[in-house]
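The values are calculated or read from the model by the stated rules, or taken from the named source; none is laboratory data. The structure presented is a predicted model; accordingly, all values stated were derived computationally and were not measured. Neighbour counts run over all protein chains shown; Cβ positions are idealised from the backbone, glycine included.
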Amino acid sequence: MSKEPLSWRGWLLVALTVSLAWGLRGQHGAERGAALVGALAALSLSVVCGGGRWVGAAVLGSLTFAIGGALPWEAFLPAAQAGSLWAFGLLVLAGWAWGGLGALGMSMGLTLSRYRGWERIGIAGFLAAVWFVVDQLMWGQVTGADDLQTRGGMIGILAGAWVLLTLYAGLLRKDRTALRMGFLGGAGFAAGFALMAWFPSNGGWSFLPASWNRAGSLIVGFLGGMTMGRVALAAAPAFRLPAVTPPWERWLAFVWLVWLLPVWLLANNLDYWVSEKVAMPVATEQLIWNFLWGVLLLLFVWGVWEIREGRHFATAWMPRHLRKLFLFLLWVATAVGTAKTFWVGEQGRLELLLIGLAVGVTGLLYWGRRREPSLPSAV
């Protein structure tokens with residue numbers, strides 16, 4: 001681990017970004033909202049650490065965080081707040097397994113080039129199987145709001161996956177950063193979940209801009225971001241070295257972060273507006289989808305052209321590219337998440353707080369920034 005002093009501004013930027021992302025997770029819902037947490041966490045580290053490797057980490061991190069998004073952990077919150085130690089323990093375990101698996105996947109994305117082809121396929125298959133089983137239990141086996149036994153089994157499956165992947169990456173592959181990230185990252189989110197259960201949910205503290213359960217989600221993200229940022233920033237110099245990245249992998253990561261993930265978030269809004277609130281005509285929804293598919297086609301044509309010409313995606317990510325990528329996803333996710341309730345007139349003070357956090361993160365990113373070097377960053 002590096003002995004360089006940690007940048008408090010960089011550390012704060014990462015923590016506030018994850019706090020914002022976790023708050024937006026509730027707006028976007030389930031797996032898609034959790035995927036945003038992993039993507040924004042890694043991209044915030046890319047602009048702080050100055051390494052393009054974090055773009056790949058954003059893709060894998062978004063997927064591993066998304067797996068935990070299938071957990072119906074909120075069902076344990078009332079019982080835990082009422083004093084049930086069993087529910088409290090499962091809630092903390094859910095936070096640790098969810099955050100630990102997500103942070104571990106994000107860290108493994110930094111060193112994925114070290115893994116052999118069959119290892120990548122095996123890890124992908126293992127994660128897909130865990131996601132499938134948890135998702136099937138959620139939609140096929142949970143019998144009602146009081147079925148805590150099945151929900152507890154889902155948490156146990158996720159915790160087992162986290163332990164197995166941590167042992168593989170940390171002990172067999174000797175990836176110390178992944179080991180620390182998986183353990184301490186999970187500890188941060190577990191502490192946040194513990195705080196969620198510690199304070200009552202009936203309004204909580206009067207100075208909060210929303211109910212404790214909603215405002216508490218920002219604290220969960222902040223604590224998780226603090227622990228992940230601590231490990232990542234301390235190990236940052238080790239990931240500034242170049243790594244061989246094929247151009248098409250850069251293009252796929254770019255499309256995932258600027259099209260697939262934002263569209264996945266927007267799809268939730270469209271379903272909410274059209275099906276639940278009947279606040280948008282079906283014809284308008286279809287026009288939006290036609291436009292989005294057209295954008296994807298343009299991205300494909302542009303990517304092929306740029307790679308053939310040896311320009312974008314054929315060269316390393318520049319620091320300014322990383323900042324633009326981070327800010328694009330940050331503001332698109334914030335706009336989509338807050339528009340969900342603004343469109344139907346159901347916005348509250350939490351939405352304004354989320355916008356304020358996005359403004360604060362943007363200001364912190366450019367506060368005291370020095371002129372970037374002319375050479376590209378490591379990839």
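Report whether or not residue 173 is in contact (Cβ under 8 Å) with a residue 24 or more places away in the chain, under 30 Å from residue 55 (Cβ atoms) and out of contact with any helix residue (DSSP H, G or I) (no Cβ under 9 Å at 6 or more places or on another chain). So that I can check it myself, show each step before the final result.
On the way: in contact (Cβ under 8 Å) with a residue 24 or more places away in the chain: yes; under 30 Å from residue 55 (Cβ atoms): yes; out of contact with any helix residue (DSSP H, G or I) (no Cβ under 9 Å at 6 or more places or on another chain): no.
No; evaluated as a whole, the condition is false for this residue.
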(Q) Restricting to region 15-34, count the residues that are out of contact with any Lys or Arg (no Cβ under 9 Å at 6 or more places or on another chain) and on the phi < 0 side of the Ramachandran plot. (A) 10
Q: With the checklist (1) modelled with pLDDT under 90; (2) touching a Ser or Thr at 6+ places or on another chain (Cβ under 6 Å) in hand, flag the one item residue 309 doesn't pass.
A: (2)
Q | Failed condition for residue 169, given (1) at pLDDT below 90; (2) surrounded by fewer than 24 Cβ atoms within 10 Å (Cβ to Cβ) | A | (2)
Q. If residue 313 satisfies every condition in (1) within 20 Å of residue 59 (Cβ to Cβ); (2) surrounded by fewer than 18 Cβ atoms within 10 Å (Cβ to Cβ); (3) touching a Pro at 6+ places or on another chain (Cβ under 6 Å) but one, which is the exception?
A. (2)
Q: Kindly list the number of the only condition in (1) under 27 Å from residue 55 (Cβ atoms); (2) surrounded by 15 or more Cβ atoms within 10 Å (Cβ to Cβ); (3) not β-branched (Val, Ile, Thr) that fails for residue 291.
A: (2)
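So which residues in region 271-291 are in a loop (DSSP other than H, G, I, E, B) and within 26 Å of the chain's Cα centre (by Cα), if there are any at all?
Kept after step one, since they are in a loop (DSSP other than H, G, I, E, B), are these residues of region 271-291: 277-281.
Within region 271-291, none qualify.
If you take the residues of region 181-213 that are part of a helix (DSSP H, G or I) and in contact with a Lys or Arg (Cβ under 9 Å, 6 or more places away or on another chain), which of them is modelled with the highest pLDDT? I'd like the intermediate steps shown before the answer.
Keep residues of region 181-213 that are part of a helix (DSSP H, G or I), which gives 181-198, 212-213.
In the following step, the residues that additionally are in contact with a Lys or Arg (Cβ under 9 Å, 6 or more places away or on another chain) were identified as 184, 188.
Values: 184: 91, 188: 95.
Here the answer is 188.
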Q. Would you say residue 15 is part of a helix (DSSP H, G or I) and of a type in the set (A, V, I, L, M)?
A. yes
Q. Assigned to a helix (DSSP H, G or I), more than 24 Å from the chain's Cα centre (by Cα) and among the small types (Gly, Ala, Ser): does that describe residue 294?
A. yes
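Which is touching a residue at least 40 places away in the same chain (Cβ under 8 Å), surrounded by 12 or more Cβ atoms within 10 Å (Cβ to Cβ) and either assigned to a helix (DSSP H, G or I) or in contact with a Lys or Arg (Cβ under 8 Å, 6 or more places away or on another chain) (or both), of 356, 337?
Working: 356 fails: touching a residue at least 40 places away in the same chain (Cβ under 8 Å).
Checking each option against the conditions leaves just 337.
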Q: Check residue 328 against each of (1) at pLDDT 95 or above; (2) under 23 Å from the mean Cα position of the chain (by Cα); (3) exposed (fewer than 13 other Cβ atoms within 10 Å of the Cβ) and name the one condition it does not meet.
A: (3)
Q: Give the residue, chosen from 125, 185, 160, that is surrounded by 14 or more Cβ atoms within 10 Å (Cβ to Cβ) and of a type in the set (Gly, Ala, Ser).
A: 185
Q) Has region 74-89 got at least one residue that is under 18 Å from the mean Cα position of the chain (by Cα), at pLDDT 85 or above and surrounded by fewer than 24 Cβ atoms within 10 Å (Cβ to Cβ)? A) no
Q) In region 138-154, is there at least one residue being over 21 Å from the mean Cα position of the chain (by Cα), within 26 Å of residue 222 (Cα to Cα) and assigned to a helix (DSSP H, G or I)? A) yes
(Q) When the residues of region 2-22 are narrowed to those that are over 12 Å from residue 223 (Cα atoms), of a type in the set (A, V, I, L, M, F, W, C) and at pLDDT 80 or above, which ends up surrounded by the most Cβ atoms within 10 Å (Cβ to Cβ)? (A) 21
